[in-house]
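The values are calculated or read from the model by the stated rules, or taken from the named source; none is laboratory data. Model, not experiment: these values are computed from the prediction. Here the Cβ positions follow ideal geometry from the backbone for every residue, glycine too, while neighbour counts run over all protein chains shown.
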């Protein structure tokens with residue numbers, strides 16, 4: 001083989017092999033450090049987020065399409081779970097609301113179809129902020 005062709009070809013093949021081995025682990029949640037002395041308003045899933053689901057979502061999602069928003073099943077049904085209707089998108093990506101189907105659905109985005117809740121019964125700005133804070137803070141089951 002001609003040496004001028006062989007070296008670039010080897011580099012291309014090596015790049016293709018090593019690039020194909022890379023595994024996408026998805027977004028990594030790294031909390032933003034708070035300045036010393038600044039209070040952190042932690043969003044609590046069981047005390048703040050679940051009541052929003054009960055008031056606005058649970059009537060239609062007691063266990064519909066694998067999405068159970070009941071108090072005992074909501075966290076396991078949302079966090080890190082691939083959306084049934086929008087795969088490979090994930091329902092809730094800890095630390096990243098914009099990558100979370102739930103955030104798009106409740107914030108009236110049409111990125112993933114019909115916004116929720118339906119019939120123009122929107123969540124209040126404080127309810128939306130609570131859900132966003134919870135996702136940004138790692139979507140903990142607290």
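Each row is one residue, and each column tells you yes or no for (1) touching a strand residue (DSSP E or B) at 6+ places or on another chain (Cβ under 7 Å); (2) modelled with pLDDT of 90 or more; (3) closer than 25 Å to residue 133 by Cα; (4) surrounded by fewer than 14 Cβ atoms within 10 Å (Cβ to Cβ).
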residue	(1), (2), (3), (4)
4	no, no, no, yes
10	no, no, no, yes
15	no, no, no, yes
18	no, no, no, yes
26	no, no, yes, yes
38	no, no, yes, yes
48	no, yes, yes, no
64	no, no, no, yes
79	yes, yes, yes, no
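Would you point out which residue out of 121, 84, 72 is exposed (fewer than 13 other Cβ atoms within 10 Å of the Cβ), part of a loop (DSSP other than H, G, I, E, B) and in contact (Cβ under 8 Å) with a residue 40 or more places away in the chain?
That would be 121, the only listed residue that is exposed (fewer than 13 other Cβ atoms within 10 Å of the Cβ), part of a loop (DSSP other than H, G, I, E, B) and in contact (Cβ under 8 Å) with a residue 40 or more places away in the chain.
Would you check which residues across region 90-115 are part of a loop (DSSP other than H, G, I, E, B), farther than 13 Å from residue 78 by Cα and free of Cβ contacts under 8 Å to residues at least 60 places away in the same chain and list them?
107, 108, 109, 110, 111, 112, 113, 114, 115, listed by residue number.
Do you know which residues across region 44-68 are part of a loop (DSSP other than H, G, I, E, B) and either touching a residue at least 60 places away in the same chain (Cβ under 8 Å) or more than 16 Å from residue 85 (Cα to Cα) (or both)?
44, 57, 58, 59, 62
Exactly one condition in (1) in a helix (DSSP H, G or I); (2) surrounded by fewer than 17 Cβ atoms within 10 Å (Cβ to Cβ); (3) touching a residue at least 60 places away in the same chain (Cβ under 8 Å) is not met by residue 131; state its number.
Result: residue 131 fails condition (2) only.
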